[in-house]
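Undergrad: Please see the structure below; I have some questions.
The values are calculated or read from the model by the stated rules, or taken from the named source; none is laboratory data. Quick caveat, the model's predicted, so the values are computed rather than measured. Glycine also receives a Cβ, built like all others from the backbone with ideal geometry; neighbour counts cover every protein chain displayed. With ligands, DNA and RNA removed, areas are computed over all heavy atoms of the protein, side chains included. Shrake-Rupley method; radii C 1.70, N 1.55, O 1.52, S 1.80 Å.
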Amino acid sequence: MANVTFSGPTLERDVTVYAVAGDNGTLLALAKKSNIALPCQCQDGQCGSCLVKISYISEKTPMAIALTEREKVTLSVNGKLTKEALTAAEVSDLPPPYRLACQYIVRDEDILVEFSGEPGVEIDLRRPKK
């Protein structure tokens, strides 16, 4: 089982949910199932409205590395996937920090998912210290 913690301005506090091992659902599907209002429009990887920042918070090696072709294009067009980051993902299995929730398949790993709360709004990378 994976612990997925959602953090965004539309939430009163961070919300951690459990993703069932072996489920092939997307991060967006998990958010919807958990009643978390993650921004989304096309839900097909083309608009970029479900942009999230993923941080791996367990000691495991990240597993959700594979980018879909639509995700590569959408993230690149929006300036969130550099050629270097794409090469690192494809050659060295180093996941990029930005993903599309409608394309990201949740694996057995603990992650922090940061989102803006509004389609097209930049995610602030500076997480406030608690």
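Undergrad: Modelled with pLDDT of 90 or more and in contact with a Pro (Cβ under 8 Å, 6 or more places away or on another chain) - does that describe any residue in the range 103-111?
TA: Scanning the range 103-111 turns up no residue that is modelled with pLDDT of 90 or more and in contact with a Pro (Cβ under 8 Å, 6 or more places away or on another chain).
Undergrad: Check off (1) open to solvent by 20 Å² or more (accessible area, probe 1.4 Å); (2) farther than 15 Å from Val113 by Cβ for Tyr56 and give me the number that stays unchecked.
TA: All conditions are met except number (2).
Undergrad: Return only the number of the condition from (1) touching a residue at least 60 places away in the same chain (Cβ under 8 Å); (2) over 22 Å from Thr74 (Cα atoms) that Thr16 does not satisfy.
TA: In the conditions (1) touching a residue at least 60 places away in the same chain (Cβ under 8 Å); (2) over 22 Å from Thr74 (Cα atoms), Thr16 misses (1) alone.
Undergrad: Here is a check on your reading of the model: is Cys42 of a type outside the set (Asp, Glu) and open to solvent by 50 Å² or more (accessible area, probe 1.4 Å)? Step through it out loud before you land on a result.
TA: Working: of a type outside the set (Asp, Glu): yes; open to solvent by 50 Å² or more (accessible area, probe 1.4 Å): yes.
Yes; evaluated as a whole, the condition is true for this residue.
Undergrad: Shifting gears a bit: When the residues of the range 76-93 are narrowed to those that are surrounded by 14 or more Cβ atoms within 10 Å (Cβ to Cβ) and among the hydrophobic types (A, V, I, L, M, F, W, C), which ends up farthest from the chain's Cα centre (by Cα)?
TA: In the first step, residues of the range 76-93 are kept if they are surrounded by 14 or more Cβ atoms within 10 Å (Cβ to Cβ); the result is 76, 78, 80-81, 85-86, 88-89.
If we keep only those that are among the hydrophobic types (A, V, I, L, M, F, W, C) as well, we get 81, 85-86, 88-89.
Working: Leu81: 13, Ala85: 15, Leu86: 16, Ala88: 17, Ala89: 15 Å.
Residue satisfying both the conditions and the ranking: Ala88.
Undergrad: A follow-up question, please. Suppose we filter Thr5, Thr16 for residues that are under 12 Å from the mean Cα position of the chain (by Cα), assigned to a strand (DSSP E or B) and under 19 Å from Glu114 (Cβ atoms); which single one remains? Let's see the steps before the verdict.
TA: Working: Thr16 fails: under 12 Å from the mean Cα position of the chain (by Cα).
Only one candidate qualifies: Thr5.
Undergrad: Of all the residues that make up the range 19-36, how many are part of a loop (DSSP other than H, G, I, E, B), β-branched (Val, Ile, Thr) and in contact (Cβ under 8 Å) with a residue 24 or more places away in the chain?
TA: Applying the first criterion (part of a loop (DSSP other than H, G, I, E, B)) to the range 19-36 yields 20-25, 34-36.
After this cut, where a residue has to be β-branched (Val, Ile, Thr) as well, the list is 20, 36.
Still in the list and also in contact (Cβ under 8 Å) with a residue 24 or more places away in the chain: 36.
Total satisfying the criteria: 1.
Undergrad: Is one or more of the residues making up the range 21-30 touching a strand residue (DSSP E or B) at 6+ places or on another chain (Cβ under 9 Å), exposed (fewer than 13 other Cβ atoms within 10 Å of the Cβ) and small (Gly, Ala, Ser)?
TA: yes
Undergrad: Another question, if that's okay. Could you grab me the full set of residues in the range 67-95 that are over 23 Å from Ser116 (Cα atoms) and either in contact (Cβ under 8 Å) with a residue 40 or more places away in the chain or in a loop (DSSP other than H, G, I, E, B) (or both)?
TA: Ser92, Asp93, Leu94
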